[in-house]
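I have placed the structure first, in the form of structure tokens, so that the comments after it can refer back to it.
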Amino acid sequence: MPANLPPQYYEAERRYREAKSLEDKISILQEMLAIMPKHKGTDKLQADLRAKLSRLRKTIEKKKGPSRKYHPYRIPREGAAQVILMGPPNTGKSSLLSALTKVSPEVAPYPFTTHEPVVGMMPYENIKIQLVDTPPFSLEFNFPWLAEIIRRGDLLLAVLDLGKDDILDQVEIVLKKLEEFKIKPQIKRKEKSEDEIQESSGNVFKKVVFVANKDDIEGAEGRVSVLKEFYQEDFPVIVTCAKSPQKMERLKERIYHHLGIIRVYTKVPGNPPDMQDPVVLRKGSSVIDAARAIHKDFVKNLKYARIWGKDEFKGQKVEREHPLEEGDILEFHT
């Protein structure tokens with residue numbers, strides 16, 4: 001029986017031959033096993049790959065010296081925040097990245113097109129937000145460096161495919177992988193405090209938003225209803241389509257909203273405010289936090305600030321701990 005291997009298998013095979021480190025070879029072999037169709041024609045090939053995996057793992061175990069975490073990809077945070085796109089194969093993560101940023105990742109109708117992180121900058125009004133597209137989740141194999149990238153994100157977007165009937169299975173794959181990565185989703189009806197987060201040994205708490213993609217496909221409406229029935233009480237659900245520019249603009253707004261950040265602006269006494277270069281802060285921040293974000297030494301000499309905002313008199317004098325809101329304008333006095 002012929003193996004009938006898909007083209008992405010041969011691409012992974014090429015990367016395996018070029019891989020330098022044992023960790024890379026292990027990761028790619030796992031990917032090849034996941035991509036490979038499972039039938040009698042591939043039984044021998046599967047056995048060969050598993051034997052190679054076993055030998056590589058034993059070689060690593062025999063290495064002497066202290067163990068080190070393997071992180072081939074370190075993605076410096078840029079812009080106002082870092083948002084991670086994650087999910088099962090072929091849900092449209094790469095299409096969303098392309099629609100929201102200037103990046104053009106490879107998009108194909110077969111799984112595991114993305115085998116390394118792809119980064120793009122999403123413009124939103126007067127700021128930019130970093131988006132990171134990641135390799136797809138699979139219960140059969142894992143990229144050893146993927147957990148660290150996802151754990152460092154400010155917001156996690158779990159992209160789901162409304163074109164498939166297994167919408168609930170897709171969610172389960174996401175939740176199982178997050179559990180494996182020691183990531184606890186922040187549940188809407190039970191928000192975690194900072195103390196609880198710090199006390200949870202080895203786990204990090206992250207806000208997870210379900211992005212239900214491809215709502216233009218027949219049957220999508222019914223799948224949205226099922227998804228919301230089971231999960232809307234615990235997770236925000238955004239229904240969208242990467243092919244629609246209007247829905248992509250709305251998605252940008254929702255991403256900004258779920259990041260839990262605000263923009264405030266500064267002005268020099270006697271001059272108009274700079275409305276093109278906001279200071280980006282977490283919701284709940286105060287005047288002193290804005291000063292610290294500008295320069296840590298600026299805090300030492302700060303006496304007070306004047307504020308222009310929707311809930312204050314224009315130019316009202318406020319103290320260092322005064323809470324800030326979206327769109328406030330600050331004039332610092334030292």
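Every number in this text was worked out from the coordinates using simple rules, so none of it is lab data. All values reported here derive from a predicted model rather than from experimental measurement. Cβ sites come from the backbone with ideal geometry, for glycine too, and all protein chains shown count toward neighbours.
Only bridges with both residues in segment 262-333 count here: give the DSSP antiparallel percent, nearest 5.
On the way: 13 of 15 bridges.
Expressed as a percentage, antiparallel bridges in segment 262-333 total about 85.
I need 231, 304 ordered by Cβ neighbour count within 10 Å, fewest first. Don't jump to the answer; show the numbers that get you there.
On the way: 231 18, 304 15.
By the 10 Å Cβ count, ascending: 304, 231.
Could you give each residue of segment 122-132 its phi-based ³J(HN,Hα) in whole Hz, using Karplus coefficients 6.51, -1.76, 1.60 with θ = phi - 60°, and x for Gly or Pro?
Karplus-based 3J(HN,Hα) across segment 122-132 equals 9, x, 9, 6, 9, 9, 10, 10, 7, 10, 10 Hz.
Only helical DSSP H runs with n ≥ 4 go in: add -39500 (n - 2.57) per run for the chain, normalise by residue count and round the 222 nm mean residue ellipticity to 500 deg cm²/dmol.
Value at 222 nm, helices only: -10500 deg cm²/dmol.
Counting DSSP beta bridges in the chain, what percent are antiparallel, to the nearest 5?
Looking only at bridges with both residues in the chain, the antiparallel portion is about 50 percent.
On a 24 Å Cα-Cα criterion, which of the cross-link pairs 20/52; 206/252; 176/252; 207/243; 102/164; 206/300 come out too long?
Over 24 Å Cα-Cα: 176/252; 207/243; 102/164; 206/300.
Specify whether the C-alpha gyration tensor of segment 262-333 places it in the rounded, prolate or oblate class, a ≥ b ≥ c being the square roots of the eigenvalues: rounded for a/c under 1.5, otherwise prolate if a/b is larger than b/c and oblate if not. Provide the component values of the computation, followed by the final result.
On the way: a/c = 1.19, a/b = 1.10, b/c = 1.07.
Rounded.
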